[in-house]
Amino acid sequence: MFDDEKIREGVRLLLEGIGEDPGREGLKETPERIARMCREIFGGLEETPHEPLQKRFHTGTSEIVLERDIPFYSVCEHHLLPFYGKVHVAYLPQGEVAGLSKLARTVEVFARRPQLQERLTAQIADALMEELAPKGAMVMITAEHMCMTMRGVKKPGSSTVTCAARGVFRENDRLREEFFRMLER
């Protein structure tokens, strides 16, 4: 899927467009470095959440499972600048739980794409619902966007918070409140 030559050519054109010489010593290898970087930071384009969430364990519990403070980074699709922060993922299982590392892996699959925070939040919640078939899922993301801090309004330190509730978390105020209480601990 990745076309390294197009990426390298695009970087050369960008460098020329800002008045730089892509042939100068410090920039000669930049197109190749950027092509390798793209494979890494956009690798989620070649992955699906289906695989990580297949590792499940049978359990008799139906209590909230919360994995909090999952660090992530992504790239804003509007400016191609990073945004990063923490994701909190919860679900109410129905007989099966996912391996905890698989929740973090699911976050990574969606974060490693050109992205919007709002979409990222919804995609994680929807994947949990589709793959695990829990009674409900809830996802909250807090992130700092470099497109807000280093350009435009230049407001470093500001953060954006998004939340997605599915199933019983959407319907039940008590469960949503419990989710937020668990984040405070």
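The values are calculated or read from the model by the stated rules, or taken from the named source; none is laboratory data. These numbers were taken from a predicted model, which means no experiment stands behind them. So basically every Cβ, Gly included, is an ideal-geometry build from the backbone, and we count neighbours across all protein chains shown. These area figures cover heavy atoms from the full protein model, side chains too; ligands, DNA and RNA do not enter into them. Shrake-Rupley method; radii C 1.70, N 1.55, O 1.52, S 1.80 Å.
Taking K and R as +1 and D and E as -1, what net charge do the other residues with C-beta under 14 Å from the C-beta of Thr30 add up to?
Here the charged neighbours net out to -2.
Let me spell out the model: positive unit charges on the Cβ of Lys and Arg, negative unit charges on the Cβ of Asp and Glu, origin at the Cα centre of the stretch 78-185. What dipole size does that give, in debye rounded to 20?
Details: 16 positive and 12 negative charges, 83 e Å.
Rounded to the nearest 20 debye, it is 400 debye.
Give me the percent of accessible area attributable to carbon and sulfur for the stretch 1-126, probe 1.4 angstrom.
52 percent
Quick check: Cα centre of the stretch 100-115 to Cα centre of the stretch 1-34, how many Å?
If we compute the Cα centre of each part, the gap is 28 Å.
GluC sites (Glu not before Pro) within the stretch 1-58: which are DSSP loop residues with at most 11 other Cβ atoms inside 10 Å?
Of the GluC sites (Glu not before Pro), the ones in loops of the stretch 1-58 whose Cβ has at most 11 other Cβ atoms within 10 Å are Glu29.
Roughly how many Å² is the accessible area per residue of the stretch 1-55, as a whole number, for a 1.4 Å probe? Walk me through the intermediate numbers first.
Values: 3780 Å² over 55 residues.
So the stretch 1-55 comes to 69 Å² accessible per residue, rounded to a whole number.
Describe numerically, in nm with one decimal, the distance between label points set 7 Å from Cα along Cα→Cβ at Gln54 and at Arg119.
Each label point lies 7 Å from its Cα, and together they span 2.6 nm.
What shape does the chain take by its C-alpha gyration tensor, where a ≥ b ≥ c are the square roots of the eigenvalues and a/c under 1.5 counts as rounded, a/b above b/c as prolate, and the rest as oblate?
Prolate, because a/c is 1.5 or more and a/b exceeds b/c.
Does anyone have the angle between helix 117-132 and the longest principal axis of the chain? Alpha-carbon axes, 0 to 90°, nearest 10?
With both axes taken from Cα atoms, the answer is about 50 degrees.
If I build a Gaussian network model for the chain, linking alpha-carbon pairs within less than 10 angstrom, which residue out of Gly95, Gly26, Gly152 has the largest mean-square fluctuation?
Residue with maximal mean-square fluctuation among Gly95, Gly26, Gly152: Gly26.
Across the stretch 78-92, in residue order, what do the Karplus-derived ³J(HN,Hα) couplings come to in whole Hz, using 6.51 cos²θ - 1.76 cosθ + 1.60 with θ = phi - 60° and x for Gly and Pro?
3J(HN,Hα) across the stretch 78-92, in whole Hz: 7, 10, 6, 10, x, 9, 8, x, 10, 10, 10, 10, 9, 8, 10.
Using alpha carbons only, how many degrees (0 to 90, rounded to 10) separate the axis of helix 4-17 from the longest principal axis of the chain?
For 4-17 against the chain, the angle is about 60 degrees.
Helix 30-41: angle to the longest alpha-carbon principal axis of the chain, degrees 0 to 90, nearest 10?
Here the helix axis deviates by roughly 10 degrees.
What residues have an amide H closer than 5 Å to that of Arg112, excluding those fewer than 5 places away on the same chain, when H is modeled at 1.01 Å from N in the peptide plane?
Gly44
Enumerate the amide H contacts of Leu81 below 5 Å, restricted to partners 5 or more residues apart or on another chain; note that Pro and chain-start residues carry no placed amide H.
When sequence neighbours closer than 5 places are left aside, the close amide H contacts are Cys76.
Each residue of the stretch 155-171 in turn: what ³J(HN,Hα) in whole Hz from Karplus with 6.51, -1.76, 1.60 and θ = phi - 60°, glycine and Pro shown as x?
10, x, x, 6, 10, 10, 10, 10, 9, 9, 10, 10, x, 5, 5, 6, 8
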